[in-house]
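Reviewing the structure listed below.
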Amino acid sequence: MAEKILIKGNEAIAIAAIHCGCDGYFGYPITPQSEVMETLMKEKPWETTGMVVLQAESETSSINMVYGGACCGKKVMTSSSSPGVSLMAEGLSYMAGAELPCLVVNVMRGGPGLGTIQPSQGDYFQTVKGGGHGDYKMYVLAPASGQDMYDFVDKAFEVAFKYRVPAMILADGVIGQMMEKVEFRPMKPRRTEEEVKALCDSWATVGKGAHRGGNTITSLALDPEVQERHNIHLQAKYAKMEENEVLYETYRTEDAEHLIVAFGCMSRICQNTVDEAREKGIKMGLIRPITLFPFPKKEIDALVPQLKSIMSVELNTGQMVEDVRQIANGRVPVYFYGRQGGIIPSPEEVLEAYMKQI
Amino acid sequence: MDIKDIIKPENKVYGRTPVLKDNVMHYCPGCSHGTVHKLIAEVIEEMGIQDKTIGISPVGCSVFAYNYLDIDWQQAAHGRAPALATATKRLNPDKYVFTYQGDGDLASIGCAEIMHACSRGENIVVIFINNAIYGMTGGQMAPTTLLGMVTATTPYGRDPKLNGFPLKITELIAQLEGTCYVTRQSVQNPASARKAKKAIRKAFENSAMGKGTSFVEIVATCNSGWKMSPVKANKWMEENMFPFYPLGDMKDR
């Protein structure tokens, strides 16, 4: 068994990037995720794997550097926290429109505005409903541990390239800052120039050869019919992702009558809530969406007939609960419990809130 | 003498570079973009770097530069071309990477990106078209619009109290340690176009030598936006633009 190292979630992201053959990281410091770039600079991967690491002048530049790198068929990424990700919304929309793969890590903090540097899940809407302008989706993974932070980097790149979509790891300050034991995977070498060409020559700016005309990466289509066709094409791709890429976990749902839906750090806290409810004789279970897009709609839907109620537990004022309500569609009551400003509820607090409802 | 005796390879004095695609340009008659596109295409052909050149097009009239030069292109968001170019060049050091940007794109919304790319000394080429107006959106004030100049958003002429002063961004760029070659050129007649082409070629050669950022400003006309005939626009440029934006090299090292 591989050695386990005690590191922060943010450090796990940086190490995973090097280990999975990432070509470039472009970032701008912001709490609570600055350790990602700090770790990369300390590790100097440009001397080992040849990975480029660059501190940009702003989040706007970071995401546009990622755009440039992605145009070349490279595995490129950035990381930031909520206010910085708002600045990246323009770039993400462009990349979704131009069908470019990339990875953005958002270690969420409380908002709106400059908000707080404490953990939050307040960017759920921004992340899964778009964030930037236009009709688009990203592949969104919500880690709940240091190991998830490490493993999801490789996973995100895999899916991003499979569908040519931007991918996001939507973590929060807890997952980014918490130190946990993380098991490292075997090193994947960076793709060679030949491999990049073999994989991406049909669309990427890898240099025009004699065998083809110049490739153009653009999200511009002034002809209404062309733009509509492009939108339909994008939606078909997202539908395929909903078919094939849903990830989720359940906990004690077999005979559950009451279901908690929670992602990220709240899914771990709510496991204890479920245990405490079970000790009191209440048949409670938990479903944790691992991918927030695609959302485990079918899986929640399948549980609804056995349930008496659902509660969505989030570190915000109620965002994912809207998606859960849509799935329940009036068949069972859907409650919400959340804290904001960086306050993390205890398992008991969640249980008490749920008991008040039922 | 028969015409066939004249049309021979050895008598050829001019040809259209194959780097230019066979597409009809959307630019207005008299616009400087077409000339600058041709010069870049010729430099790419002469240096034999068509398969190694990646262009970054801006937002503005020249967003469609990718329709005219047969190379690989990235189309950037407004002002962000230097950020795309930075990553593209760093991830592909053997490629020639250039941005093509107008005055609104480069000197207004993209100020941070161009300043920092030049300050870092990215080994890229920047072609900066300064026609002192926003062309594509219909002739609004640009950062480089001259004082007194009438535009759609300065209908009574640019007034420094209301609208601030025109920005000599190329002079600022020349102060940055990362730039190796900063020059201001024009293309309104064959002599100036030849000089501009030499400057563009030098910029691409600098890139191969890893000397830092090369920045070529072209003072240009937008006769549609200026509401002048092409001939009058050229004359107006010489009389009004050149005194404020003097031509020549600002830095060459």
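Please treat every number below as a calculation from the coordinates, not as lab data. Here the structure is a predicted model, which is why all the values come from computation and not from measurement. Reconstructed Cβ throughout: ideal geometry from the backbone, glycine too, with neighbour counts over all protein chains shown.
Laid out as a table, the results:
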item	result
Residue under evaluation B:Asn23, criteria (1) in a loop (DSSP other than H, G, I, E, B); (2) out of contact with any helix residue (DSSP H, G or I) (no Cβ under 6 Å at 6 or more places or on another chain), criterion not met	(2)
Residue satisfying all of: in the range B:42-62; in a helix (DSSP H, G or I) and touching an Asp or Glu at 6+ places or on another chain (Cβ under 8 Å); farthest from the other protein chains (Cβ to nearest Cβ) among these	B:Met47
Residue match in the range A:110-122 (condition: within 14 Å of chain B (Cβ to nearest Cβ) and of a type outside the set (Val, Ile, Thr))	no
Residue tally, condition farther than 8 Å from B:Ala83 by Cβ and touching a Gly at 6+ places or on another chain (Cβ under 7 Å), over the range A:67-79	6
Per-region count, the range A:71-92, residues within 14 Å of another protein chain (Cβ to nearest Cβ) and in contact (Cβ under 8 Å) with a residue 60 or more places away in the chain	7
Residue check, B:Ala65 of a type in the set (A, V, I, L, M), farther than 16 Å from B:Ala193 by Cα, out of contact with any strand residue (DSSP E or B) (no Cβ under 8 Å at 6 or more places or on another chain) and within 12 Å of chain A (Cβ to nearest Cβ)	no
Answer from B:Phe128, B:Phe98 - the residue that is closer than 13 Å to B:Ile169 by Cα, crowded, with 24+ Cβ neighbours inside 10 Å and among the hydrophobic types (A, V, I, L, M, F, W, C)	B:Phe128
Any chance B:Cys111 is under 26 Å from B:Thr221 (Cβ atoms), touching a residue at least 24 places away in the same chain (Cβ under 8 Å), within 13 Å of chain A (Cβ to nearest Cβ) and surrounded by fewer than 21 Cβ atoms within 10 Å (Cβ to Cβ)	yes
Selected residue (only one of B:Glu113, B:Glu122 is touching an Asp or Glu at 6+ places or on another chain (Cβ under 8 Å), outside any strand (DSSP E or B) and within 18 Å of B:Val182 (Cβ to Cβ))	B:Glu113
Unmet requirement for B:Tyr134, which otherwise passes all of (1) of a type outside the set (A, V, I, L, M); (2) within 30 Å of B:Tyr14 (Cα to Cα); (3) buried (at least 23 other Cβ atoms within 10 Å of the Cβ)	(2)
Unique residue being within 30 Å of B:Gly48 (Cα to Cα), surrounded by 16 or more Cβ atoms within 10 Å (Cβ to Cβ) and within 14 Å of chain B (Cβ to nearest Cβ) when the list is A:Arg212, A:Arg190	A:Arg190
